[in-house]
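Values quoted throughout were computed directly from the atomic coordinates according to the rules given, and no laboratory measurement underlies them. Quick caveat: nothing in here was measured; it's all calculated off a predicted structure. Because the Cβ atoms are built from the backbone with ideal geometry, glycine has one as well, and the counts that use them run over all protein chains shown.
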There are 2 protein chains.
Amino acid sequence: MKDVKAYAAQDKDAALQEIQIKRRDLLDNDVAIDIMYCGVCHSDIHAKLNDWGNAKYPIVPGHEIIGKVTAVGSSVSNHKVGDLVGVGCMVDSCTDCSACNEDMEMWCENGSTSTYNSKDKHLGGHTLGGYSKHIVVRDHFVLKIPTQLDTKAVAPLLCAGITTYSPLKHWNVKKGDKVGVVGLGGLGHMGIKFAAAMGAETVMITTSEEKAQDAKRLGANQVIISKDLDQMKEHNNSFDFILNTIPVGHDVNPYLALLKRDRTMCLVGAIEPLENIHGANLILRRKNLAGSLIGGIKETQEMLDFCGDHNITSDVEMIDIQDINTAFDRVQSNDVKYRFVIDMESL
Amino acid sequence: MKDVKAYAAQDKDAALQEIQIKRRDLLDNDVAIDIMYCGVCHSDIHAKLNDWGNAKYPIVPGHEIIGKVTAVGSSVSNHKVGDLVGVGCMVDSCTDCSACNEDMEMWCENGSTSTYNSKDKHLGGHTLGGYSKHIVVRDHFVLKIPTQLDTKAVAPLLCAGITTYSPLKHWNVKKGDKVGVVGLGGLGHMGIKFAAAMGAETVMITTSEEKAQDAKRLGANQVIISKDLDQMKEHNNSFDFILNTIPVGHDVNPYLALLKRDRTMCLVGAIEPLENIHGANLILRRKNLAGSLIGGIKETQEMLDFCGDHNITSDVEMIDIQDINTAFDRVQSNDVKYRFVIDMESL
């Protein structure tokens with residue numbers, strides 16, 4: 001299914017032209033945005049490589065978008081020209097099904113529209129994302145960005161931020177809870193910041209001793225090296241919640257053992273087959289293994305406001321668009337602390 | 001680890017003598033019970049065969065016990081001579097840890113005492129179960145049996161009953177919910193009866209067309225043949241709760257697909273490694289995979305009272321103790337509808 005090479009052989013000029021014409025005239029409820037920054041998510045690479053078998057070329061990735069409003073449609077009242085705004089993983093949904101009515105547009109029963117590589121309702125073809133100078137987005141899907149934060153470091157909140165904030169809220173993480181974050185990457189580093197800001201005793205669980213110091217700098221109270229079985233055993237049955245950000249299939253059994261009875265480990269990274277789970281690890285203390293996917297627009301705004309109140313941003317490394325292939329390579333080798341953000345001035 | 005054959009070569013008379021002396025004199029809070037009936041649980045076979053590597057010989061299995069009180073200790077006030085009573089999977093716990101204080105003695109932090117094959121606090125050695133004429137049990141762990149029910153068919157409620165009732169209650173199954181029960185055996189047939197009695201739209205999910213009619217007789221509103229992929233697909237994302245009673249490792253992915261977003265499938269049978277779970281099946285709609293183990297004493301009494309109110313018992317086939325090896329073979333080949341119960345008069 002990986003037809004990226006086949007695509008690369010096509011006429012790139014024609015592709016660029018196809019991309020150019022995709023910017024639509026404003027509908028009544030549209031917001032036009034000049035893009036300032038766009039985060040680089042691992043999903044962008046999966047999409048480019050067609051790892052999920054649904055890539056539509058030419059792909060323009062990018063769903064961690066920060067920009068300024070340049071124009072609004074006639075019925076838009078909640079955004080105005082000059083506003084600092086963000087766009088995350090979705091740009092449209094039906095807004096009227098049971099999921100949308102519960103502010104969970106990502107599970108829209110009629111299908112939400114992803115920011116890129118999704119069927120484009122208005123122009124036909126597929127949507128094009130944030131590795132671009134401009135984007136036009138339905139007002140409901142445009143987020144307000146707290147202006148007191150370092151703007152470029154806000155971009156990753158639109159995906160990595162909400163992906164980790166949402167499960168911590170959904171499973172009611174609160175002051176005094178012992179919360180584990182497994183894996184220290186783009187998602188994991190946000191998980192630590194949020195759990196700590198929510199008042200939890202935040203524990204980084206990582207294979208890498210090197211990451212221990214950095215985890216503490218990010219807010220972890222404690223670090224467990226998961227390869228140290230004695231250390232893991234000391235923490236058995238002690239966690240109130242575990243956020244598992246490992247982006248590939250792995251053995252979840254050692255982490256399930258860390259949960260108290262009746263508690264949950266939530267996967268947010270591994271959209272892949274996991275290794276065998278032993279039923280006893282769930283049955284014997286009524287434990288839960290769950291998953292979570294980004295979050296709705298209302299909760300994404302709540303997360304951004306929480307970040308404004310708690311001075312939370314992502315740790316970013318800025319790049320020019322010309323560096324994107326190197327950045328992709330470095331993301332794949334886990335060599336970034338902790339998110340690349342493209343300065344769109346460079347485009 | 002399977003040393004059952006080695007044990008069988010020992011002097012059986014000595015073993016029987018060891019068993020005889022295990023009946024203790026009554027402590028102040030003890031209840032002496034003459035056993036009338038004892039259900040045959042698959043766990044009994046796992047124990048006999050040392051499948052879980054912790055068997056202590058001589059084993060006397062049996063944790064689905066019905067009998068009459070013959071004597072009580074001086075401080076026992078809640079049971080009296082002549083009462084119809086039951087004993088399930090536990091006969092003791094500390095009764096004073098956080099789990100016990102929340103009426104979940106099975107998760108006693110100091111270790112609950114299983115009805116058989118567990119360390120015996122009073123006599124040393126290990127506890128001996130219900131394949132026997134008598135048992136002495138701490139009063140807190142003795143259940144009151146509704147007298148209006150068919151007594152011999154109540155026995156399996158003490159394990160198969162509470163194991164299925166507890167998760168249905170814990171995940172708040174209620175009138176109008178669409179509830180799936182996967183697997184039709186000792187546990188599954190109780191799951192159907194309970195879910196139907198709770199007012200759920202109860203759906204049997206089975207590989208076997210033969211079981212469809214019987215599932216309906218037991219109370220299922222509908223049957224899905226899990227091998228029929230089109231039929232399974234029709235029910236995708238439609239279940240409020242699934243009780244998975246399959247007793248062996250299996251592929252849970254097709255069942256996870258049946259759940260609505262934010263809902264749970266609970267394992268109660270497979271104390272074994274499951275086949276690979278795909279992370280996407282949990283992540284994409286925030287689904288949960290959980291497990292559950294029997295239930296506490298308070299909830300077990302609640303379940304028995306519920307059965308009294310709703311005229312629920314197990315479907316049983318009565319055997320004499322002399323038939324136990326045949327019964328074990330038939331349980332292993334899934335040839336019982338749906339629980340063997342030993343008439344202890346035969347011993």
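Here are the numbers for the structure shown:
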{"quantity": "In degrees, nearest ten, helix A:186-197 long axis to first principal axis of chain A (Cα)", "calculated": "60 degrees"}
{"quantity": "Size of charge dipole - region A:131-199 - debye, nearest 20, with Cβ of Lys, Arg +1 and Asp, Glu -1, no other charges", "calculated": "80 debye"}
{"quantity": "C-alpha center-to-center spacing [region A:274-347, region A:126-175] in angstrom", "calculated": "11 Å"}
{"quantity": "Relative contact order (%) - criterion: Cα under 8 Å, at least six apart; region: region B:160-291", "calculated": "21 percent"}
{"quantity": "Highest-MSF residue in chain A out of A:Leu128, A:Leu267, A:Leu229 [GNM, Cα springs under 10 Å]", "calculated": "A:Leu229"}
{"quantity": "Within chain B, longest stretch clear of exposed GluC sites (Glu not before Pro) (DSSP loop, no more than 11 other Cβ within 10 Å)", "calculated": "B:1-208"}
{"quantity": "In region A:175-255, the trypsin sites (Lys or Arg not before Pro) that fall in loop regions by DSSP, at most 12 other Cβ within 10 Å", "calculated": "A:Lys175, A:Lys227"}
{"quantity": "Cβ-based net charge around B:Asp34, under 10 Å, with every Lys or Arg adding one and every Asp or Glu removing one", "calculated": "+2"}
{"quantity": "GNM result for chain B, Cα springs below 10 Å: residue of B:Leu157, B:Leu293, B:Leu184 fluctuating most strongly", "calculated": "B:Leu293"}
{"quantity": "Cα-centred dipole magnitude for region A:160-291, charges only on beta-carbon of K, R (+1) and D, E (-1), debye, nearest 20", "calculated": "540 debye"}
{"quantity": "Charge dipole (debye, nearest 20) of the protein assembly as shown; +1 at Cβ of Lys and Arg, -1 at Cβ of Asp and Glu", "calculated": "220 debye"}
{"quantity": "Cut-off 11 Å between beta-carbons: net charge of the residues surrounding B:Met198, Lys and Arg +1, Asp and Glu -1", "calculated": "+2"}
{"quantity": "On Cα atoms only, tilt of A:297-310 relative to the major axis of chain A in degrees", "calculated": "70 degrees"}
{"quantity": "Overall form of region B:34-130 per C-alpha gyration tensor (a/c, 1.5; a/b vs b/c)", "calculated": "oblate"}
{"quantity": "Positive-end residue of A:Gly39, A:Cys97, A:Pro58, charge dipole of chain A with Cβ unit charges", "calculated": "A:Cys97"}
{"quantity": "Region B:53-106 - percent relative contact order, Cα under 8 Å, separation 6 or more", "calculated": "29 percent"}
{"quantity": "Top of A:Gly185, A:Gly124, A:Gly86 by mean-square fluctuation, Gaussian network on chain A, Cα under 10 Å", "calculated": "A:Gly124"}
{"quantity": "Neighbourhood charge, 15 Å Cβ-Cβ cut-off, centred on A:Gly279 and excluding it, Lys, Arg +1 and Asp, Glu -1", "calculated": "-3"}
{"quantity": "Gap separating the Cα centres of region B:181-258 and region B:26-83, nearest whole Å", "calculated": "32 Å"}
{"quantity": "Rounded to 10°, Cα long-axis angle of helix A:160-170 versus longest principal axis of chain A", "calculated": "50 degrees"}
{"quantity": "Within straight-line cross-link reach of B:Lys80, lysines at Cα separation under 21 Å, skipping those fewer than 8 residues along the same chain", "calculated": "B:Lys68, B:Lys133, B:Lys144, B:Lys152, B:Lys298"}
{"quantity": "Average Cα contact separation per residue, chain B, under 8 Å, 6 or more apart, as relative contact order %", "calculated": "17 percent"}
{"quantity": "Charge-dipole axis of region B:203-324 as Lys and Arg at +1 and Asp and Glu at -1 on Cβ define it, positive-most pick from B:Asn236, B:Val223, B:Cys266", "calculated": "B:Asn236"}
